[in-house]
């Protein structure tokens with residue numbers, strides 16, 4: 001491929017979930033993004049996510065993947081799994097003494113799913129629109145566990161990414177290139193095997209996010225799809241109550257071919273929103289698909305988060 005060496009490569013995006021591990025490194029092409037390197041490995045069924053064995057498995061997979069010569073460098077952008085991140089949406093504190101983090105913690109501490117001790121809570125906040133704030137919080141011990149994995153794998157963490165930002169970045173880069181997309185508010189769905197991650201954003205700026213513990217493995221039964229739609233409808237209603245006079249223009253399924261089209265059609269029909277499939281893998285140029293073991297036509301893998309992390 002002519003001029004490949006002149007393309008600017010991004011950092012390695014790492015999507016370490018409970019069910020699988022995905023690594024992706026993109027480069028800027030003249031017309032489209034180029035996938036320089038990618039790796040996808042399912043978690044062995046005899047290994048339980050979150051255990052010491054799971055951590056050793058993740059270290060081994062990342063060490064081997066980044067040593068094969070396709071990935072450039074050892075710097076990565078990673079994100080905690082969605083089920084380890086608490087998300088809330090609050091009004092911007094009008095008055096506060098000291099740090100803004102103190103005021104935010106005071107607003108969310110009663111809702112936290114873990115012990116609400118401020119020194120053990122890592123908070124990131126994103127100022128959005130109409131004086132609203134998206135708050136993401138996790139236990140520092142969870143961060144420490146993930147940092148240890150990357151350190152033992154011989155990788156350098158450039159930053160801990162935020163999954164709603166990474167998904168919005170993926171959408172904006174691949175599917176939000178028209179001038180009219182800059183102001184459009186869209187709903188993004190990334191359906192994983194065990195959960196569905198939703199982001200409502202204005203181009204690359206997330207406004208609202210949530211993770212629903214229902215995924216593709218449960219969608220073999222139609223009632224489960226209905227349950228997901230109920231959860232998404234409730235969150236859409238909350239979004240509309242927070243952001244006055246804002247309308248969601250369309251729905252984009254960022255999980256691409258990872259989910260059967262009939263499931264997508266059922267969700268879009270019940271939500272009554274104009275929808276499209278957003279297959280970011282199909283929107284990239286792959287340097288050597290056989291070398292990566294990737295089948296762009298039949299791949300049942302959602303690459304949205306890994307791609308978004310690499311681009312961020």
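The values are calculated or read from the model by the stated rules, or taken from the named source; none is laboratory data. Predicted model only: the values in this text are computed from it and were never measured. As a convention, Cβ positions derive from the backbone with ideal geometry for all residues, glycine included, and neighbour counts pool all protein chains shown.
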For this session: Please tell me if residue 24 is closer than 19 Å to residue 258 by Cβ and outside any helix (DSSP H, G or I).
Result: yes
Exercise. Regarding residue 312, is this residue modelled with pLDDT under 95 and either on the phi > 0 side of the Ramachandran plot or touching a helix residue (DSSP H, G or I) at 6+ places or on another chain (Cβ under 6 Å) (or both)?
Worked result: yes
Seminar exercise, completed: Note on segment 167-199: residues in a helix (DSSP H, G or I) and more than 16 Å from residue 83 (Cα to Cα) are 168, 169, 170, 171, 172, 173, 174, 175, 179, 180, 181, 182
Exercise. Among the listed residues 73, 38, which satisfies the condition of being touching a residue at least 40 places away in the same chain (Cβ under 8 Å) and out of contact with any strand residue (DSSP E or B) (no Cβ under 6 Å at 6 or more places or on another chain)?
Worked result: 73
Problem set entry | Of all residues making up segment 29-42, the number that are within 18 Å of residue 305 (Cβ to Cβ) and buried (at least 18 other Cβ atoms within 10 Å of the Cβ) | 7
Seminar exercise, completed: Filter segment 102-124 for residues that are buried (at least 16 other Cβ atoms within 10 Å of the Cβ) and touching a helix residue (DSSP H, G or I) at 6+ places or on another chain (Cβ under 6 Å); the one that is nearest to residue 205 (Cα to Cα) is 123
For this session: Looking for whichever is touching a residue at least 40 places away in the same chain (Cβ under 8 Å) and either touching a helix residue (DSSP H, G or I) at 6+ places or on another chain (Cβ under 8 Å) or not assigned by TED's automatic domain parsing to the domain that holds residue 136 (or both) here; the options are 249, 231. Which one fits?
Result: 249
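Residues are listed down the side, and each one gets a yes or a no for (1) surrounded by 15 or more Cβ atoms within 10 Å (Cβ to Cβ); (2) part of a helix (DSSP H, G or I):
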{"position": "225", "(1), (2)": "yes, yes"}
{"position": "230", "(1), (2)": "no, yes"}
{"position": "245", "(1), (2)": "no, no"}
{"position": "281", "(1), (2)": "yes, no"}
Seminar exercise, completed: Taking segment 145-174 and keeping only residues that are farther than 16 Å from residue 14 by Cα, in contact (Cβ under 8 Å) with a residue 40 or more places away in the chain and out of contact with any strand residue (DSSP E or B) (no Cβ under 6 Å at 6 or more places or on another chain), one is left with 173, 174
Problem set entry | Per-region count, segment 252-272, residues crowded, with 23+ Cβ neighbours inside 10 Å and free of Cβ contacts under 8 Å to residues at least 60 places away in the same chain | 1
Problem set entry | Residue among 58, 79, 49 that is within 26 Å of residue 304 (Cα to Cα), under 19 Å from the mean Cα position of the chain (by Cα), at pLDDT 95 or above and crowded, with 17+ Cβ neighbours inside 10 Å | 58
